[in-house]
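Contents: one structure, followed by commentary.
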Amino acid sequence: MCGIVGILSNNEVTPTILKVLKKLEYRGYDSAGIATIFNNKIKRQRAKGKIENLIKQIHRNDLPGNIGIGHTRWATHGVPSKDNAHPHQKGSVVGVHNGIIENFRELKEELLIKGYQFSSETDTEVIVQLCSYYIDQGISNKDAFLKTIDRLEGAFALCFMFDDDDKNLFISKRGAPLVIGFGKNEVYIGSDAVSLTSLIESVIFLDENDWAIVSKNEILIFDQKGNKVQRQKKIVELNNDIISKGNYHHFMLKEIHEQPEVFGYATSGFIDYKLQKINMLNEVKELHGINKIILVGCGTAYYACAVAKYWLEKFVKISVEIDVASEFRYRETYFTKKEYAIFVSQSGETADTLAALRKAKGKVKKIISIVNVTESSIARESDFVLPIKAGPEIGVASTKAFTNQLAVLACLTIKFANIKGLLSDKKNSELIDSLISIPGVISDILSNSKKFQDFAKKLVLSSNVLFLGRGILYPLALEAALKLKEISYIHAEGYPSGELKHGPIALIDSNMPVICFAPYNELFEKTISNVEEVLARNGNILLITDEEGFDLLPTNQFPVIKLPKISNFIQPIIYAIPSQLIAYYTGLYKGTDIDQPRNLAKSVTVE
Ligand code: F6R
């Protein structure tokens, strides 16, 4: 949610700020802005809409200076508009902010009474005006900045500048990500390290409540109590190619096609091929004291949890509770210290998931996180971190992160089942072999996308689409519906097939496509009888099955996609690919903004 950048250089900073903003655009893209300092004056440009609009608006020499800050916004307080765009400025102070200030109304009230006037509806302008108020009291920039952050409640990452100081950036992090990056002759501030790749050689990830004064020659970092602290500098290993679209038109399609490779990264970290065993959480020797596993995430990550529930209950024979983080964090929950709580998050920064983790901390036996960003807040606050190794996911809709989350959850299932002695050697090898087969199966499916394009063409003119699945394919129906909604803006619902007759069947007519996931498994016959119910009501069925299921289909009255024969265990992973491709091509034919769908942002760091 919102991307922020700051640069200190010997050269003009505006062109580089714009480049970094483009890379941060996945975090929000409803307005953007830049400010620089030149000759003790703040220069500022802001525009509604994407970074392209800002680029078009800036003329040569509009924003000179060797120090500057930039922002790309995902609206929380106030509509997307130029007035609400960051940076916000008051007097000598200019700043950018990511997060939500919960007490901004009280602070604004206080400033209004003092005669301050506001030009935006944002909470950010309140922070800037508050800082300016302290400056007006005659204190130093540093003290004003400190007094300001002291007054703030909520989550924020801030980067501020003052017009009489073109040497220092003032930053602060609480509940929102912020890094300091080091190039050859420049220092950078960014919402993430990925957006700074190719510019930096090393990076410092700030801790919660850190604040810092950053200049080209010196980085002064302080903790909340004002003690000077050292934070470890890490070498950046990311390569710039990873975050370009390569030969693909969209990041989403590139990331879909990366799955065979990155799935292998996820599993090879955990599978000991020689011994045919899972090498993870080796500290966990027994599960006797554990009577429940709690799995929490948001959106697609939550659906990964929902799949894992089926796996864990079946193979580990343990009770599993799943919840979306925004509910879990406020629900009255009963903990017994005999639970493992697992938090799944691609970004590792999702505000609700982080709050849910903090709620469980100290009340459950251990906290495990499954994340893509191993330096993230969620990872840092967990007892054990299981990385999914999907590489940067830039497309706003999650694709490869989902399948890699499932890869790690599948390994975890095998590991826990083994700890409990519930898997024979034969079954253990069978499960591991099926995971090893996945990259090949995904490549196979991806090599023939024509049939998914044909399916997508049938959806383009629909206003509603229903996805059906049973058992472990039910969460896939939910995930497929989410993907279609966000990419094509077509209303879609995922339903358990058996639940159809309890209400949604009333919606069935020839205008509403019903996409049914029907792999051959123990529920195949039941799923097909649900399909018959839809057909009997003139429903418009599109079916996805495998070779075995295809041979058993009772009629050929509807379009079918036939996937390769695969083991039951990996069916939910494989069926993610059709869900992604159908959503992608439907969006493509509708002409939507696939990588940056309206109203969304990649990393939801606000509640
Ligand atoms: C959907 C999607 C979102 C995220 C959700 C959680 O395609 O990407 O639903 O899955 O916002 O994000 P993370 O995994 O970063 O916690």
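Please give the helix 425-446 orientation as an angle from the longest Cα principal axis of the chain, in degrees from 0 to 90, rounded to the nearest 10.
Computed tilt is about 70 degrees.
Could I have the simple spin-label model distance between HIS249 and THR555, label points 7 Å from Cα toward Cβ, reported in nm to one decimal?
Distance between label points: 3.5 nm.
Here is the link list: LYS114/LYS602; LYS245/LYS366; LYS22/LYS590; LYS389/LYS458; LYS216/LYS400. Which ones come out longer than 29 Å on Cα distance?
Result: LYS114/LYS602; LYS245/LYS366; LYS389/LYS458; LYS216/LYS400 exceed 29 Å.
Name the aspartates and glutamates eligible as straight-distance cross-link partners of LYS309: C-alpha to C-alpha under 16 Å, and not fewer than 8 places from it in the same chain.
Here the aspartates and glutamates satisfying the reach criterion relative to LYS309 are GLU321, ASP323, GLU339, GLU479.
Which one of ASN217, ILE17, ILE101 has its Cα pushed farthest toward the positive end of the charge dipole of the chain, where Lys and Arg give +1 and Asp and Glu give -1 at the Cβ?
Among ASN217, ILE17, ILE101, the one farthest towards the positive end of the dipole of the chain is ASN217.
Tell me the carbon and sulfur percent of the accessible area for region 66-123, rounded to whole percent, probe radius 1.4 Å.
Numbers: 1120 of 2310 Å².
The value for region 66-123 is 48 percent carbon and sulfur by accessible area.
How large is the dipole of region 502-607 about the Cα centre if only Lys and Arg carry +1 and Asp and Glu carry -1, each at its Cβ, rounded to the nearest 20 debye? Please list the in-between numbers first.
On the way: 7 positive and 12 negative charges, 65 e Å.
In debye, rounded to 20, region 502-607 gives about 320.
Mind checking the full-extension length gain between GLU533 and PHE335? Use 0.36 nm per residue of separation minus the Cα-Cα distance, one decimal, nm.
Details: separation 198, 0.36 × 198 = 71.28 nm, distance 4.26 nm.
Length gained, GLU533 through PHE335: 67.0 nm.
Could you compute the FRET efficiency for SER202 and GLN224, with r as their C-beta to C-beta distance and R0 at 22 Å, rounded to 0.05? The partial results should precede the final answer.
Working: r = 25 Å, r/R0 = 1.12.
Computed FRET efficiency for SER202 and GLN224 comes out at 0.35.
What percentage of the solvent-accessible surface of region 379-449, computed with a 1.4 Å probe over protein heavy atoms, is contributed by carbon and sulfur atoms? If you can, show how the numbers build up before the last one.
On the way: 1070 of 2170 Å².
Percent of accessible area from carbon and sulfur atoms in region 379-449: 50.
Could I have the simple spin-label model distance between ARG358 and SER215, label points 7 Å from Cα toward Cβ, reported in nm to one decimal?
Taking the simple label geometry, ARG358 and SER215 are separated by 3.4 nm.
Compute the distance from the alpha-carbon center of region 281-330 to that of region 550-576, in whole Å.
The distance from the Cα centre of region 281-330 to that of region 550-576 comes to 27 Å.
Taking the Cα centre as origin and putting +1 on Lys and Arg beta-carbons and -1 on Asp and Glu beta-carbons, what dipole magnitude results for region 100-234, to the nearest 20 debye?
Details: 16 positive and 23 negative charges, 105 e Å.
Once rounded to the nearest 20, the dipole reads 500 debye.
Report in % the part of the accessible area of region 287-352 that belongs to carbon and sulfur, leaving out ligands and nucleic acids; probe 1.4 Å. Could you put the intermediate results ahead of the total?
On the way: 1280 of 2550 Å².
For region 287-352, the apolar C and S fraction of the accessible surface comes to 50 percent.
Search the structure for amide H atoms under 5 Å from the amide H of VAL364, placed 1.01 Å from N in the peptide plane, and list their residues when 5 or more places away or on another chain.
Long-range HN contacts for VAL364: none found.
For region 509-516, take each phi angle, set θ = phi - 60°, evaluate the Karplus expression 6.51 cos²θ - 1.76 cosθ + 1.60, and give the result in whole Hz per residue in order, putting x for glycine and proline.
8, 6, 8, 9, x, 10, 9, 10
Using a Förster distance of 25 angstrom, determine the FRET efficiency expected from the C-beta separation of LYS501 and LYS458, and round it to 0.05.
Numbers: r = 24 Å, r/R0 = 0.97.
So the FRET efficiency works out to roughly 0.55.
LEU422 to LYS41: extension gain in nm, 0.36 nm per residue of separation minus the Cα-Cα distance?
Values: separation 381, 0.36 × 381 = 137.16 nm, distance 6.96 nm.
The LEU422-LYS41 span can extend by a further 130.2 nm.
Local charge sum around VAL94 (other residues, Cβ-Cβ under 14 Å, Lys/Arg +1, Asp/Glu -1)?
With Lys, Arg at +1 and Asp, Glu at -1, the net is 0.
Give me, ordered by chain and number, the residues 5 or more places off GLY49 or on other chains with an amide H under 5 Å from its own placed amide H.
So GLY49 has HN proximity to SER31, ALA32.
Any chance you could run the full-extension gain for SER319 through ASN53? It's 0.36 nm times the residue separation minus the Cα-Cα distance, nm to one decimal.
On the way: separation 266, 0.36 × 266 = 95.76 nm, distance 5.19 nm.
Gain in length upon complete extension: 90.6 nm.
Could you please state, rounded to a whole Å, how far the C-alpha centre of region 513-533 is from the C-alpha centre of region 179-222?
Cα centroid to Cα centroid, the span is 53 Å.
Per residue of region 55-62, in order, report the coupling 6.51 cos²θ - 1.76 cosθ + 1.60 (Karplus, θ = phi - 60°) as ³J(HN,Hα) in whole Hz, putting x for Gly and Pro.
Rounded to whole hertz, the list is 4, 4, 6, 7, 9, 3, 6, 5.
With charges set only on the Cβ (+1 for Lys and Arg, -1 for Asp and Glu), what does the dipole of the chain come to about its Cα centre, in debye to the nearest 20?
Working: 72 positive and 70 negative charges, 72 e Å.
The calculation lands at about 340 debye.
Taking the alpha-carbon distance from LYS426 and a cut-off under 19 Å, which aspartates and glutamates remain once sequence neighbours fewer than 8 residues away in the same chain are dropped?
Within the straight-line cut-off, LYS426 pairs with ASP272.
Decide, for region 1-145, between rounded, prolate and oblate: order the square roots of the alpha carbon gyration tensor eigenvalues as a ≥ b ≥ c, take rounded if a/c falls under 1.5, and otherwise choose prolate if a/b is larger than b/c, else oblate. Kindly include the intermediate steps, with their values, before the conclusion.
Details: a/c = 2.03, a/b = 1.29, b/c = 1.57.
It comes out oblate by the Cα gyration axes.
Looking at TYR310, ALA355, ILE370, which one has the Cα that reaches farthest to the positive end of the dipole of region 309-422 (charges on Cβ: Lys, Arg +1; Asp, Glu -1)?
TYR310
Return the long-range amide H neighbours of LEU386 (sequence gap of 5 or more, or a different chain), with a cut-off of under 5 Å between placed amide H atoms.
Counting only residues 5 or more places away or on other chains, the set is SER369, ILE370, VAL371.
Output wanted: per-residue J couplings in Hz (rounded whole) for region 284-299, from phi through Karplus 6.51 cos²θ - 1.76 cosθ + 1.60, θ = phi - 60°, x for Gly and Pro.
7, 9, 8, 10, 4, x, 9, 10, 7, 10, 10, 10, 9, x, 10, x
When ligands, DNA and RNA are left out and all protein chains stay put, how many square angstrom of accessible area per residue does the chain have with a 1.4 Å probe? List each step's numbers first, then the result.
Numbers: 23860 Å² over 607 residues.
Here the per-residue accessible area is 39 Å².
Counting only DSSP beta bridges with both residues in the chain, tell me the antiparallel percent, nearest 5. Can you show the working numbers first?
Values: 64 of 104 bridges.
Beta bridges within the chain, antiparallel portion: roughly 60 percent.
Name the residue from HIS249, ASN141, GLN45 whose Cα lies farthest towards the positive end of the charge dipole of the chain, charges +1 on Cβ of Lys and Arg and -1 on Cβ of Asp and Glu.
Of the options given, the answer is ASN141.
Which percent, nearest 5, of DSSP beta bridges in region 133-253 are antiparallel?
Details: 26 of 27 bridges.
Close to 95 percent.
Assuming a ≥ b ≥ c are the square roots of the Cα gyration tensor eigenvalues, decide whether region 530-586 counts as rounded (a/c under 1.5), prolate (otherwise, with a/b larger than b/c) or oblate. Let's see the in-between values first.
Working: a/c = 2.20, a/b = 1.30, b/c = 1.69.
Oblate is the answer for region 530-586, as a/c is 1.5 or above yet b/c matches or exceeds a/b.
With each label point set 7 Å from Cα along the Cα-Cβ vector, what nm distance links PHE118 and ARG598?
Calculated label separation equals 2.7 nm.
Would you please give the FRET efficiency between ASN511 and ARG105, computed as 1/(1 + (r/R0)^6) with r the Cβ-Cβ distance and R0 = 45 Å, to the nearest 0.05? Show your work: numbers first, answer last.
Values: r = 47 Å, r/R0 = 1.04.
With a Förster radius of 45 Å, E is 0.45.
The values are calculated or read from the model by the stated rules, or taken from the named source; none is laboratory data. Just so it is clear, the structure is predicted and the values come from calculations on it, not from any experiment. In this analysis, Cβ positions are derived from the backbone assuming ideal geometry, glycine residues included, and neighbour counts consider all displayed protein chains. The area values use the complete protein model at the heavy-atom level, side chains included, leaving out ligands, DNA and RNA. Shrake-Rupley method; radii C 1.70, N 1.55, O 1.52, S 1.80 Å.
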